[in-house]
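Everything on this sheet refers to the single structure shown next.
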Amino acid sequence: MLKAKILFVGPCESGKTVLANFLTESSDVTEYSPTQGVRILEFENPHVTSNNKGTGCEFELWDCGGDAKFESCWPALMKDAHGVVIVFNADIPSHRKEMEMWYSCFVQQPSLQDTQCMLIAHHKPGSGDDKGSLSLSPPLNKLKLVHSNLEDDPEEIRMEFIKYLKSIINSMSESRDREEMSIMT
């Protein structure tokens, strides 16, 4: 059984924990409390199997605190990560400015592929859902960008996250198959 480690990173108060709880069907958080360090949520998704072989997959979603005081912990969090989801509040201009730093630290430095990264522009309830006006500079504009609004269209983000998980598992499965073939030849 494949086990994938996915990091949820991004600025403070971007909605990482709310999204993590929703996507893993964990408990709801009713009031804001900053994540201290990291929270690890383990889950399975019946819609995601290994390379269409029907083999189940397990996931660890690491909900990482966005405060810079945890920066010294980031290398440990990144170890053996298979994917990174960068969550930001699209309504806060400073979050957009921080995006390149998160990308550099969690995707470029550990040499992950862009396909292993997804951006989520999270819109908090009542903020409006302005999907059209978000332009990102290179290299962020090459990444998969999904807008989330749990109030207006929660299933859209769930479906996009399942597609992302499938791509991560397919990549892991292909890598494992290549490794097995290299051993046999």
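Selection of first residues in segment 87-115 that are in contact (Cβ under 8 Å) with a residue 12 or more places away in the chain and assigned to a loop (DSSP other than H, G, I, E, B) and of second residues that are open to solvent by less than 10 Å² (accessible area, probe 1.4 Å) and among the basic types (Lys, Arg), restricted to Cβ pairs under 6 Å at least 6 apart or on distinct chains, gives an empty result. Could you grab me the full set of residues in segment 137-148 that are open to solvent by less than 60 Å² (accessible area, probe 1.4 Å) and closer than 22 Å to Ala81 by Cβ? Answer for segment 137-148, where residues must be open to solvent by less than 60 Å² (accessible area, probe 1.4 Å) and closer than 22 Å to Ala81 by Cβ: Pro139, Leu140, Leu143, Leu145, Val146, Ser148. Of the residues that make up segment 124-144, is at least one in a strand (DSSP E or B) and in contact with a His (Cβ under 6 Å, 6 or more places away or on another chain)? No.
Of the residues Glu151, Glu174, Glu160, Glu100, which single one is open to solvent by less than 80 Å² (accessible area, probe 1.4 Å) and acidic (Asp, Glu)? If you could, list the steps in order and put the result at the bottom.
Working: Glu151 fails: open to solvent by less than 80 Å² (accessible area, probe 1.4 Å); Glu174 fails: open to solvent by less than 80 Å² (accessible area, probe 1.4 Å); Glu100 fails: open to solvent by less than 80 Å² (accessible area, probe 1.4 Å).
After applying the criteria, what remains is Glu160.
Just to be sure I understand, how many residues within segment 75-97 are touching a Leu at 6+ places or on another chain (Cβ under 9 Å) and open to solvent by 30 Å² or more (accessible area, probe 1.4 Å)? The qualifying residues number 3. Kindly indicate whether Ile183 is among the aliphatic types (A, V, I, L, M), under 23 Å from Cys57 (Cα atoms) and assigned to a helix (DSSP H, G or I). No. Looking at segment 1-47 only, could you name the residues that are modelled with pLDDT of 80 or more, over 20 Å from Asp91 (Cα atoms) and assigned to a loop (DSSP other than H, G, I, E, B)? Once the filter is applied, which keeps residues that are modelled with pLDDT of 80 or more, over 20 Å from Asp91 (Cα atoms) and assigned to a loop (DSSP other than H, G, I, E, B), segment 1-47 yields Thr24, Glu25, Ser26, Thr35, Gln36, Gly37.
The values are calculated or read from the model by the stated rules, or taken from the named source; none is laboratory data. Predicted model, so just to flag it, every value in this text is computed and none were measured. Backbone-built Cβ (ideal geometry, glycine too); neighbour counts: all protein chains shown. To get the accessible areas, we keep the full protein, side chains included, count just its heavy atoms, and leave off ligands, DNA and RNA. Shrake-Rupley method; radii C 1.70, N 1.55, O 1.52, S 1.80 Å.
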